[in-house]
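Data block below; observations after.
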Amino acid sequence: MTRLQTLEGFYQNHIQPYYQNAHNAERDGKPIAYVASTFPVEILQAMDITPIWPENYASVCAARQVSVRLAEIAERRGYSRDLCSYARTTIGSILTTEKDILPEGGMPKPTFLVASTAACDTHLKWFQVLSHHLKRPLYLLDSPYNITGADAENLEPHYIQQYMSQLEELITFLEKQTNTKLDKNRLRKIIELSDRTSNLWLEIQDYRRTIPAPMGARDAFSAVFFMLCIPATQTAVNFYEKLRDEVKERAKNGIGKIQNERYRLIWDNLPMWFNLKFFNYLNNLGAVTVAETFSHVWTGSLDPSKPLESLAKKYLPNFANCSVERRINLILNLAKDFHANGIILPTNWGCRMMSIGETIVKEVLYEKLGVPSLILNVDSSDWRNYNEAQVKNQIETFIETLNA
Amino acid sequence: MQILQSFKNLLHRKHIIAKTWKNQNKRPVVGWNSTYTPEEIISAINALPIRILGSMDTTTTLADAYLPRNACSFARSTFDHALKGDYNYLDGFVTSNSCDNFGKTYDLWRHYTQIPYFHFINTPHTNTPKSSEFLYYELIRFKESLEKHFKTTITNKTLQTAIKTYNENRTFLKQVYNLRRKDPPLLSGVEALEIVLSSMLTTKQAHNKLLKQLLSEVTTRPDPPKPGVRLLITGSIMDTPDLLNITETVGGIAVTDDLCTGTRYFWNLVEANKDPLEAIAKRYINKIPSPFMHDSHRERFNHIKQLIKDYDVEAVIIFLLKFCDTHMFDAPLLTEELKAEGIPVLNIEYEHTRSGIAPIKTRIEAFIEMVKGVP
Ligand code: SF4
Ligand code: SF4
């Protein structure tokens with residue numbers, strides 16, 4: 001089992017400096033925004049606003065094994081244990097008085113918060129709670145639900161228009177908050193950069209079609225950080241170029257994540273951030289994850305000559321914002337293109353968006369491709385909702401059926 | 001009182017009544033589940049819009065095969081009824097973008113039931129002129145979709161008539177609620193809930209008749225409810241009277257509510273407007289918000305505080321259905337704010353099943369005792 005060299009020391013080399021920079025921005029009085037996934041972060045980047053993603057911070061807390069301790073603080077304040085563990089973890093991180101338990105010194109205090117309705121009810125309510133406790137304003141981008149699950153080319157024109165009008169409203173909000181004007185030229189450059197990052201990331205993904213696959217889920221879930229959090233940066237481009245070269249080289253030389261690849265899996269949604277070693281366990285069973293939906297949904301090509309329209313087209317088809325058809329098509333295509341023979345569909349205790357509808361995905365995938373799926377009851381950051389013995393049992397039984 | 005029995009009947013015999021209506025009128029029955037569904041438009045095609053309700057007393061084994069354990073059990077219960085075939089008579093199903101559980105179980109309804117017509121209304125989450133405009137467009141789309149599927153036309157006139165009947169119903173319901181300001185209230189919480197729920201299960205014309213009769217008879221009712229600790233009830237959907245039944249047998253009396261099956265359903269009228277669809281869009285954007293709306297807590301909490309004053313409320317119970325995210329996120333703040341004003345609050349999380357509500361009784365009883373003890 002070989003880890004990609006480009007990813008050695010990823011946390012120290014990339015995550016820590018990211019939080020350090022954000023703390024510096026706070027110290028220097030520069031604008032910082034809390035932002036929720038599926039939000040068009042490019043606009044923030046074009047205005048030199050440092051984005052902080054509570055979701056990313058929660059996953060850091062989970063990986064560092066403090067998420068449950070923080071979640072319990074939120075629970076003692078009345079936030080139900082059934083709520084999204086990302087939300088509980090970060091609400092706890094803000095309410096706690098024991099600041100020394102917080103990885104990377106906690107999230108710096110934001111100047112304002114932004115979220116969209118694209119992914120889940122949680123985003124809007126969670127950010128409302130954060131905004132209340134931090135006494136900072138929240139802008140909500142009202143994204144229409146993509147009812148038919150249309151892709152970028154087939155979106156309803158009216159939804160694109162609505163999204164664009166929301167972007168304009170957002171820009172007005174940001175200009176007021178930061179006392180600056182959005183520079184249209186800079187926005188075009190940012191869009192170009194984000195597009196470049198996205199293409200590089202997809203290129204990296206494509207090499208995973210190779211048998212044996214040169215990269216697994218553990219590396220992907222780390223490396224996706226740039227794509228997700230700071231896509232429009234030169235750092236992201238540089239990092240992905242290096243990663244692309246390494247993955248390409250491996251693919252060419254037939255070096256796989258594991259040499260004896262017996263099962264090629266697709267992993268839907270989130271991993272258990274507190275237990276990324278789980279993927280090593282899968283590797284030991286001869287299984288490698290060749291694609292994650294999480295590595296594909298944040299991508300999308302952007303056209304610098306139409307910045308706002310292309311942002312609408314990038315974010316409206318995100319499967320979190322769509323009916324189940326979109327998720328089915330995505331997984332179906334991944335399964336075909338990446339030669340998968342099994343699909344893992346993890347639920348997430350506090351997440352309706354990810355958990356409901358998996359049975360349809362499972363049925364359709366089996367009907368259309370004969371590829372079986374396994375639904376796993378887990379949680380992204382709260383290990384109290386994770387029963388390792390049971391999960392391993394399910395995995396091993398599932399793997400046996402793949403043999404048959 | 002005899003008339004109260006009529007409302008109860010509508011609730012308990014809802015399927016039979018809807019089917020009979022359909023046979024007699026030869027017109028479609030359309031189910032809906034979110035308070036953000038503009039029923040007026042459905043009613044304008046002479047269809048019967050009915051709210052999809054669950055029940056506490058059946059197991060949900062059919063739905064359990066499709067839904068994970070962490071889905072809202074109200075959504076589970078209704079979907080289970082659909083799988084059992086209880087809703088086979090529906091000619092259509094309409095939902096709105098007002099809750100992840102609705103949005104995602106809508107996919108299941110589409111895949112696993114045989115209902116011939118489905119429609120999703122893309123309800124915005126913000127209250128701005130832009131979002132009203134967007135909803136207006138969505139309502140045009142909805143109108144056209146109904147016209148096409150049910151081969152009919154909706155005119156401004158039919159819409160205006162529907163609006164008038166709906167507004168009348170809302171006004172009557174408010175009058176009914178006013179009867180609960182008295183001490184003891186003229187209607188119990190259970191009775192009031194049955195009245196509101198039944199309004200969603202028959203035509204508004206028929207319901208208006210019943211309400212008129214109720215309003216004329218109730219002031220002299222020989223059997224008024226017993227006095228008790230005056231409660232405001234809020235939280236997730238309350239689609240059966242079970243919880244209020246429990247509450248009202250242990251010394252509480254629900255005198256008002258902030259529920260999507262209560263005030264949030266009927267509080268706001270559609271205003272007069274040349275363009276009825278525009279007026280409807282404005283009504284749904286501006287109504288007392290459900291918690292999925294952006295920044296809705298301010299307005300909703302103010303609504304609650306106003307009701308507390310107007311209805312002489314002594315204490316508040318927040319009934320939270322497990323996995324009802326939007327309400328669960330609002331509950332701690334609401335609790336804090338009300339307690340700061342000296343109002344006792346009880347938070348109860350429960351599952352939408354008979355066994356899920358059994359353990360609640362002692363907690364409510366203890367709470368009521370506690371409130372009574374406060375001088
Ligand atoms: S895990 Fe689910 S509920 Fe939580 S923020 Fe993500 S999409 Fe929303
Ligand atoms: S009870 Fe709550 S979670 Fe369930 S359908 Fe209603 S709003 Fe959604």
ask   = What single numbered condition from (1) within 16 Å of ligand 2 (Cβ to nearest atom); (2) small (Gly, Ala, Ser); (3) surrounded by fewer than 23 Cβ atoms within 10 Å (Cβ to Cβ) fails to hold for A:Ser355?
value = (3)
request  = Scan the stretch A:179-213 residue by residue and report those that are within 20 Å of the chain's Cα centre (by Cα) and polar (S, T, N, Q).
outcome  = A:Ser194, A:Thr197, A:Ser198, A:Asn199, A:Gln205
key: All positions within the stretch A:264-273 that are open to solvent by less than 10 Å² (accessible area, probe 1.4 Å) and outside any loop (DSSP other than H, G, I, E, B)   = A:Leu265, A:Ile266, A:Trp267
query = Mind checking which residues of the stretch A:276-288 are over 23 Å from A:Ile331 (Cα atoms) and either within 16 Å of ligand 1 (Cβ to nearest atom) or in a loop (DSSP other than H, G, I, E, B) (or both)?
reply = A:Lys277
ask   = For the subset of the stretch B:272-298 comprising residues that are within 27 Å of A:Tyr139 (Cα to Cα) and charged (D, E, K, R), which member is farthest from the other protein chains (Cβ to nearest Cβ)?
value = B:Arg283
Whichever residue in the stretch B:66-76 is within 10 Å of chain A (Cβ to nearest Cβ) and either more than 19 Å from A:Ile375 (Cα to Cα) or hydroxyl-bearing (Ser, Thr, Tyr) (or both) and, among such residues, is least open to solvent (accessible area, probe 1.4 Å) = B:Ala75
task = Provide a single number: the residues in the stretch A:60-86 that are closer than 17 Å to B:His327 by Cα, away from ligand 2 (no atom under 16 Å from the Cβ) and touching a strand residue (DSSP E or B) at 6+ places or on another chain (Cβ under 9 Å).
result = 2
Failed criterion for A:Arg327 (all others in (1) of a type outside the set (S, T, N, Q); (2) farther than 29 Å from B:Phe102 by Cα; (3) facing chain B (nearest Cβ under 10 Å) hold) = (2)
request  = Considering only the stretch B:264-291, state which residues are within 16 Å of ligand 2 (Cβ to nearest atom) and part of a helix (DSSP H, G or I).
outcome  = B:Arg264, B:Tyr265, B:Tyr284
query = How about the stretch A:338-382: which of its residues are touching a residue at least 12 places away in the same chain (Cβ under 8 Å), farther than 24 Å from A:Cys120 by Cα and either within 16 Å of ligand 1 (Cβ to nearest atom) or part of a loop (DSSP other than H, G, I, E, B) (or both)?
reply = A:Phe338, A:His339, A:Ala340, A:Asn341, A:Val371, A:Pro372
message = Please go through the stretch B:242-281 and give me each residue that is of a type in the set (Gly, Ala, Ser) and open to solvent by less than 40 Å² (accessible area, probe 1.4 Å), ordered by number.
response = B:Gly251, B:Gly252, B:Ala254, B:Gly262, B:Ala279, B:Ala281
key: Checklist (1) within 30 Å of B:Leu215 (Cα to Cα); (2) crowded, with 17+ Cβ neighbours inside 10 Å applied to B:Trp109, failing item   = (1)
Condition met for A:Ala291 (within 16 Å of A:Leu193 (Cβ to Cβ) and either in a strand (DSSP E or B) or under 17 Å from the mean Cα position of the chain (by Cα) (or both)) = no
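Taking the stated definitions as given, is B:Thr234 farther than 30 Å from B:Phe134 by Cα and open to solvent by less than 10 Å² (accessible area, probe 1.4 Å)?
No, not satisfied.
Where in the stretch A:47-103 are there helices (runs of 4 or more DSSP H), lying fully within it, with 1 or more residues that are over 18 Å from the mean Cα position of the chain (by Cα)? Can you show your working first?
Numbers: elements: A:54-63, A:67-76, A:85-95.
Helices (runs of 4 or more DSSP H) meeting the threshold: A:67-76, A:85-95.
Which residues, taken from the stretch A:208-234, are within 18 Å of A:Leu302 (Cβ to Cβ) and part of a helix (DSSP H, G or I)?
Of the stretch A:208-234, the ones within 18 Å of A:Leu302 (Cβ to Cβ) are A:224, A:226-234.
Of everything in the stretch A:208-234, those that are within 18 Å of A:Leu302 (Cβ to Cβ) and part of a helix (DSSP H, G or I) turn out to be A:Val224, A:Phe226, A:Met227, A:Leu228, A:Cys229, A:Gln234.
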Of all residues making up the stretch B:49-65, the number that are buried (at least 22 other Cβ atoms within 10 Å of the Cβ) and within 11 Å of another protein chain (Cβ to nearest Cβ) = 1
query = Does the stretch B:63-86 include one or more residues that are away from ligand 2 (no atom under 16 Å from the Cβ) and β-branched (Val, Ile, Thr)?
reply = no
key: Residues being in contact with a strand residue (DSSP E or B) (Cβ under 8 Å, 6 or more places away or on another chain), under 22 Å from B:Met328 (Cβ atoms), within 8 Å of chain A (Cβ to nearest Cβ) and not in a loop (DSSP other than H, G, I, E, B) - total across the stretch B:77-136   = 2
task = Determine whether the stretch A:186-195 contains at least one residue that is open to solvent by 10 Å² or more (accessible area, probe 1.4 Å) and in contact with a Leu (Cβ under 6 Å, 6 or more places away or on another chain).
result = yes
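Would you please name the residue that is farthest from B:Phe7 (Cα to Cα), looking only at residues in the stretch B:224-250 that are assigned to a loop (DSSP other than H, G, I, E, B) and under 20 Å from the mean Cα position of the chain (by Cα)? Can you show your working first?
Here is the first cut: in the stretch B:224-250, the residues assigned to a loop (DSSP other than H, G, I, E, B) are B:224-228, B:236-241, B:250.
Remaining after also requiring under 20 Å from the mean Cα position of the chain (by Cα): B:236-241.
Values: B:Ser236: 22, B:Ile237: 19, B:Met238: 16, B:Asp239: 14, B:Thr240: 13, B:Pro241: 12 Å.
Of everything passing the filter in the stretch B:224-250, B:Ser236 is farthest from B:Phe7 (Cα to Cα).
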message = I need a count of the residues in the stretch B:318-343 that are away from ligand 2 (no atom under 16 Å from the Cβ) and among the small types (Gly, Ala, Ser).
response = 2
query = Given the residues A:Thr111, A:Thr89, which is the only one that is open to solvent by 10 Å² or more (accessible area, probe 1.4 Å), at pLDDT 95 or above and of a type in the set (Val, Ile, Thr)?
reply = A:Thr111
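Yes or no: the stretch A:126-136 includes at least one residue that is among the aliphatic types (A, V, I, L, M), within 12 Å of chain B (Cβ to nearest Cβ) and within 16 Å of ligand 2 (Cβ to nearest atom).
First, pick out the residues of the stretch A:126-136 that are among the aliphatic types (A, V, I, L, M): A:129-130, A:134.
Narrowing the set further to residues that are within 12 Å of chain B (Cβ to nearest Cβ) leaves A:129-130.
When the remaining residues are screened for being within 16 Å of ligand 2 (Cβ to nearest atom), the result is none.
Checking the stretch A:126-136: not a single residue is among the aliphatic types (A, V, I, L, M), within 12 Å of chain B (Cβ to nearest Cβ) and within 16 Å of ligand 2 (Cβ to nearest atom).
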ask   = Which numbered condition trips up A:Ile328, out of (1) away from ligand 1 (no atom under 16 Å from the Cβ); (2) surrounded by fewer than 19 Cβ atoms within 10 Å (Cβ to Cβ)?
value = (2)
request  = Pull up the stretch B:319-352, narrow it to residues that are open to solvent by 40 Å² or more (accessible area, probe 1.4 Å) and within 25 Å of the chain's Cα centre (by Cα), then point me to the one that is nearest to B:Asn101 (Cα to Cα).
outcome  = B:Lys322
query = Is there any pair with a first residue in the stretch B:142-164 that is free of Cβ contacts under 8 Å to residues at least 60 places away in the same chain and a second that is among the hydroxyl-bearing types (Ser, Thr, Tyr) whose Cβ atoms are under 9 Å apart and which are 6 or more apart or on different chains, and what are they?
reply = B:Ser145/B:Tyr117; B:His149/B:Tyr117
query = Is there any pair linking a residue in the stretch B:283-294 that is free of Cβ contacts under 8 Å to residues at least 60 places away in the same chain to one that is open to solvent by 10 Å² or more (accessible area, probe 1.4 Å) and within 16 Å of ligand 1 (Cβ to nearest atom), with Cβ under 7 Å and at least six apart or on different chains, and which?
reply = B:Pro291/B:Thr326; B:Pro291/B:His327
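Given A:Phe10, A:Phe39, which one is within 16 Å of ligand 1 (Cβ to nearest atom) and either more than 14 Å from every other protein chain (Cβ to nearest Cβ) or in contact with a strand residue (DSSP E or B) (Cβ under 6 Å, 6 or more places away or on another chain) (or both)? Quick ask: steps written out before the conclusion?
Working: A:Phe10 fails: within 16 Å of ligand 1 (Cβ to nearest atom).
Matching residue, one of A:Phe10, A:Phe39: A:Phe39.
The values are calculated or read from the model by the stated rules, or taken from the named source; none is laboratory data. Here the structure is a predicted model, which is why all the values come from computation and not from measurement. Glycine also receives a Cβ, built like all others from the backbone with ideal geometry; neighbour counts cover every protein chain displayed. Protein only, heavy atoms only, side chains kept; ligands, DNA and RNA dropped before computing areas. Shrake-Rupley method; radii C 1.70, N 1.55, O 1.52, S 1.80 Å.
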